[in-house]
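Only one structure is covered here, and it is reproduced in the block below.
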Amino acid sequence: MTPDQIAAAAETLFQAERTGIQCGLLSLQYSGMTLDDAYAVQAALVALKRAKGAKVIGWKIGLTSRAMQQALNITTPDSGVLLDSMAFADGASIPKGRFIQPRVEAEIAFVTKAPLQGQVTRADVLAATDYVCPSLEILDTRILRADPATGKARIITDTVSDNAANAGIVLGPERHAPEAFDVRWVGAIVSRDGVVEETGLGAGVLNDPVTGIIWLVHRLAQYGMGIEPGQVLLSGSFIRPIEAPQGSHFHADFGAFGQVKVTF
């Protein structure tokens, strides 16, 4: 994609979010779009939001589960940028019309106390982590999930361009030292309106949620970037996304690790 095309695609996504009207698949409009192009569109989109006053508070890692990777025929995760406008308090009620087609995922969040950059190890990630906590990620799509004319579904380049479907985060109030739990065995029971919809374990995220963070740091290093102290890192969902229609209430029970709630 040319610089002008990247800027135009970012503006299209920006307006789709602002108006609440989804745009068409970028993968169809720009048929030769690569994953590098998609990340360039994402960066341009984030730049538009930062120009309007948004502040970066962290990163999310997506497509970490085997099932989701197989569904999109990929073998690598993706990432997106967390902004302060995406943060909601535990138990918050999301205003009507805030999102277009919201869905919810359960994740383990890492909050850093030291920078992470370059070729880091698992020990490096844990040493740089201030605490871990339960979280819910709110996904949304500013791009149609499928093209109405052809039925073609959106693909990885669409999702990455759309800031990895990032929309909101809800952190639980519990705070744990990173060595207090084996995060591979931290699980959650996620209910919508009192009905259990999904369950899962941290090991569903690349066999270890820390692995996703290592992947993110290594990906950022390719662009001379890294993770800063105080940033929130959503390590990846270990459940399938759950639709969040207006009026629904979500409760994620992580057992001894904590709980998170949000209402739409």
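Every number here is computed from the coordinates shown, using simple stated rules; none is lab data. Here the structure is a predicted model, which is why all the values come from computation and not from measurement. Note that we place each Cβ from the backbone using ideal geometry, even for glycine, and neighbour counts take in every protein chain shown.
Using the structure shown, decide if G168 is surrounded by 15 or more Cβ atoms within 10 Å (Cβ to Cβ), within 20 Å of L83 (Cβ to Cβ) and either of a type in the set (D, E) or within 17 Å of the chain's Cα centre (by Cα) (or both). So G168 fits the description; yes. Restricting attention to region 28-48, the residues that are in a helix (DSSP H, G or I), of a type in the set (S, T, N, Q) and more than 20 Å from the chain's Cα centre (by Cα) add up to 1. Is region 171-192 home to any residue that is part of a helix (DSSP H, G or I) and either basic (K, R) or in contact (Cβ under 8 Å) with a residue 60 or more places away in the chain (or both)? There is at least one residue in region 171-192 that is part of a helix (DSSP H, G or I) and either basic (K, R) or in contact (Cβ under 8 Å) with a residue 60 or more places away in the chain (or both).
Pairs linking a residue in region 2-13 that is touching a residue at least 24 places away in the same chain (Cβ under 8 Å) to a residue that is of a type in the set (D, E) and surrounded by 14 or more Cβ atoms within 10 Å (Cβ to Cβ), with Cβ atoms under 9 Å and 6 or more positions apart or on different chains, are Q5/D37; I6/D37; A9/D37; L13/D162. When every residue of region 211-223 is checked against the conditions, none turns out to be without any contact (Cβ under 8 Å) to a residue 60 or more places away in the chain, closer than 21 Å to D140 by Cβ and either surrounded by 22 or more Cβ atoms within 10 Å (Cβ to Cβ) or out of contact with any Gly (no Cβ under 7 Å at 6 or more places or on another chain) (or both). Once region 160-195 is narrowed to residues that are in contact with a Gly (Cβ under 6 Å, 6 or more places away or on another chain) and among the aliphatic types (A, V, I, L, M), the residue that is nearest to M33 (Cα to Cα) is A164.
Scanning region 17-69 for residues that are among the polar types (S, T, N, Q) and free of Cβ contacts under 8 Å to residues at least 40 places away in the same chain yields T19, Q29, S31, Q69. Quick check on T12: is it among the polar types (S, T, N, Q) and part of a helix (DSSP H, G or I)? Spelling it out, T12 is indeed among the polar types (S, T, N, Q) and part of a helix (DSSP H, G or I).
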